[in-house]
Amino acid sequence: MPKRALITGITGQDGSYLAELLLEKGYEVHGIIRRSSSINTQRISHIFQDPHESNRRLILHYGDLSDSSGVNQLMKTIHPDEVYNLGAQSHVRVSFDMPEYTANVVALGTLRLLDAIRESGLKTKFYQASSSEMFGRALEAPQRETTPFCPCSPYGTAKVFSYWTTVNYRESYRIFACNGILFNHESPRRGLTFVTRKITWGLANILAGRQSKIYLGNLDTKRDWGYAKEYVEAMWRMLQQDEPDDYVVATGESHSVREFLEEAFSYQGLDWKAYVEVDSRYFRPNEVDLLLGDSSKAKRKLGWAPKTTFTELVRLMVDADMAAVKGIVSPADVAGIKG
């Protein structure tokens with residue numbers, strides 16, 4: 001019998017890459033999707049369209065992390081060997097506008113999943129998608145597993161709740177539960193409202209003559225940006241260990257939004273200053289200036305290390321969005337691009 005995995009947030013960037021990885025490894029993959037009046041499965045639709053036999057092992061279920069009874073029922077029905085909790089309202093700026101909803105899905109959603117595992121009695125391994133935003137205005141750089149949390153947004157605060165809930169259920173109920181503290185990770189499947197994708201998608205449309213400007217917030221904020229496709233392998237490796245633990249996953253390099261712009265536009269021979277305007281609407285009420293991760297523990301214990309450089313990441317995103325705008329591939333979040 002193949003291993004059975006349950007992924008919340010399977011239609012997101014990370015969920016789609018993780019689903020592909022687990023299918024390649026022979027898993028039966030179950031995903032939770034929310035009922036919506038619009039189609040929201042673009043990032044995984046190419047899996048269903050692929051006639052390969054392994055893709056028949058992807059099964060989707062309607063559900064919502066705000067629904068305790070639904071979460072409990074799915075756990076009892078699916079009996080997963082592994083649960084990857086990637087579901088969230090994951091946009092930091094939006095969390096200031098929707099703090100209650102963010103807390104309900106991100107914080108209490110994690111609690112509902114862990115309690116469903118506890119009640120079911122299943123020997124399920126649990127992965128919690130923790131975030132570098134928990135460090136916020138960090139007290140040290142680089143940030144590692146022992147760095148104190150200092151969140152600066154409702155999203156970061158909710159993730160801190162989820163982190164400690166995961167630790168509590170691990171210690172109180174002996175559940176195999178891990179926190180993956182992932183720093184910013186991008187790809188051609190990143191949502192169009194996130195700054196990196198706003199840049200690459202905007203650049204592609206500027207080159208195609210479809211728009212003239214990109215409007216952004218703070219250009220000086222610095223992030224540790226890696227490639228999402230590589231980061232999901234770290235998630236999987238955490239659940240293959242003999243003992244559960246918590247890990248930082250990062251590149252160990254930090255670059256500003258301004259540097260991202262420079263890299264993307266210079267790649268196409270353009271000066272970004274002629275096409276970008278700062279708009280105060282995109283500033284956060286409480287800004288995080290610098291995030292920089294130390295993933296030496298993940299390298300030592302998981303054998304994981306990033307492979308894609310910052311320049312390579314920017315360029316692969318630009319190439320993907322240019323192909324989408326030109327109609328070479330589907331523009332729906334460039335879902336089918338596997339690079």
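The values are calculated or read from the model by the stated rules, or taken from the named source; none is laboratory data. Only a predicted model underlies this, so the values are computations on that prediction, with no experimental measurement involved. With ideal geometry, Cβ positions are generated from the backbone for all residues, glycine too; neighbour counts draw on all protein chains shown. Heads up: the accessible areas ignore ligands, DNA and RNA and are worked out on the full protein's heavy atoms, side chains in. Shrake-Rupley method; radii C 1.70, N 1.55, O 1.52, S 1.80 Å.
Every residue, every condition in (1) at pLDDT 95 or above; (2) under 28 Å from Ala208 (Cβ atoms); (3) aliphatic (A, V, I, L, M), yes or no:
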position: Asp224; (1), (2), (3): yes, no, no
position: Lys229; (1), (2), (3): yes, yes, no
position: Leu270; (1), (2), (3): yes, yes, yes
position: Val288; (1), (2), (3): no, no, yes
Kindly establish whether His79 is within 24 Å of Leu22 (Cα to Cα), without any contact (Cβ under 8 Å) to a residue 40 or more places away in the chain and either in contact with a Ser or Thr (Cβ under 8 Å, 6 or more places away or on another chain) or not small (Gly, Ala, Ser) (or both). no
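Identify all residues within region 171-201 that are in contact with a strand residue (DSSP E or B) (Cβ under 8 Å, 6 or more places away or on another chain), part of a helix (DSSP H, G or I) and crowded, with 24+ Cβ neighbours inside 10 Å; write none if there are none.
To start, the set of residues in region 171-201 that are in contact with a strand residue (DSSP E or B) (Cβ under 8 Å, 6 or more places away or on another chain) comprises 175-187, 194-199.
Pick out the ones that are also part of a helix (DSSP H, G or I) and you get 195-199.
Of everything in region 171-201, just one residue is in contact with a strand residue (DSSP E or B) (Cβ under 8 Å, 6 or more places away or on another chain), part of a helix (DSSP H, G or I) and crowded, with 24+ Cβ neighbours inside 10 Å, namely Ile199.
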Every residue in region 260-273 that is surrounded by fewer than 18 Cβ atoms within 10 Å (Cβ to Cβ) and either touching a residue at least 40 places away in the same chain (Cβ under 8 Å) or at negative phi (or both), please. Glu262, Ser266, Tyr267, Gln268, Leu270, Asp271, Lys273
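Residues in region 125-138: is at least one surrounded by fewer than 24 Cβ atoms within 10 Å (Cβ to Cβ) and in a strand (DSSP E or B)?
Residues of region 125-138 that are surrounded by fewer than 24 Cβ atoms within 10 Å (Cβ to Cβ), as a first pass: 125, 136-138.
Remaining after also requiring in a strand (DSSP E or B): 125.
Yes, there is a match, as at least one residue in region 125-138 is surrounded by fewer than 24 Cβ atoms within 10 Å (Cβ to Cβ) and in a strand (DSSP E or B).
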Report, by residue number, each residue of region 142-170 that is over 18 Å from Pro99 (Cβ atoms), open to solvent by 30 Å² or more (accessible area, probe 1.4 Å) and in contact with a Ser or Thr (Cβ under 8 Å, 6 or more places away or on another chain). Arg144
Take Val314 and decide whether it is under 19 Å from the mean Cα position of the chain (by Cα) and closer than 24 Å to Ala138 by Cβ. no
Exactly one of Tyr215, Tyr247, Tyr231 is closer than 27 Å to Tyr17 by Cβ and assigned to a strand (DSSP E or B), and that residue is Tyr247
Report whether or not Glu287 is farther than 22 Å from Glu140 by Cα, over 18 Å from the mean Cα position of the chain (by Cα) and assigned to a loop (DSSP other than H, G, I, E, B). no
On the basis of being among the charged types (D, E, K, R), crowded, with 20+ Cβ neighbours inside 10 Å, touching a helix residue (DSSP H, G or I) at 6+ places or on another chain (Cβ under 9 Å) and touching a residue at least 60 places away in the same chain (Cβ under 8 Å), does Asp220 make the cut? no
Can you report the number of residues in region 291-339 which are open to solvent by 30 Å² or more (accessible area, probe 1.4 Å), at pLDDT below 95 and small (Gly, Ala, Ser)? 5
Could you tell me whether any residue of region 274-290 is surrounded by 18 or more Cβ atoms within 10 Å (Cβ to Cβ) and either at positive phi or free of Cβ contacts under 8 Å to residues at least 24 places away in the same chain (or both)? no
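What residue, of Leu122, Leu65, Leu74, is assigned to a loop (DSSP other than H, G, I, E, B) and in contact with a His (Cβ under 9 Å, 6 or more places away or on another chain)?
Leu122
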Restricted to region 17-35, and to residues that are in a loop (DSSP other than H, G, I, E, B) and open to solvent by 40 Å² or more (accessible area, probe 1.4 Å), which residue is modelled with the lowest pLDDT? Arg35
Please work out which residue is nearest to Pro154 (Cα to Cα), limiting yourself to region 58-96 and to residues that are open to solvent by 40 Å² or more (accessible area, probe 1.4 Å) and of a type in the set (S, T, N, Q). Ser90
For region 225-235, check the following and say yes or no: at least one residue is more than 17 Å from the chain's Cα centre (by Cα) and touching a residue at least 12 places away in the same chain (Cβ under 8 Å). no
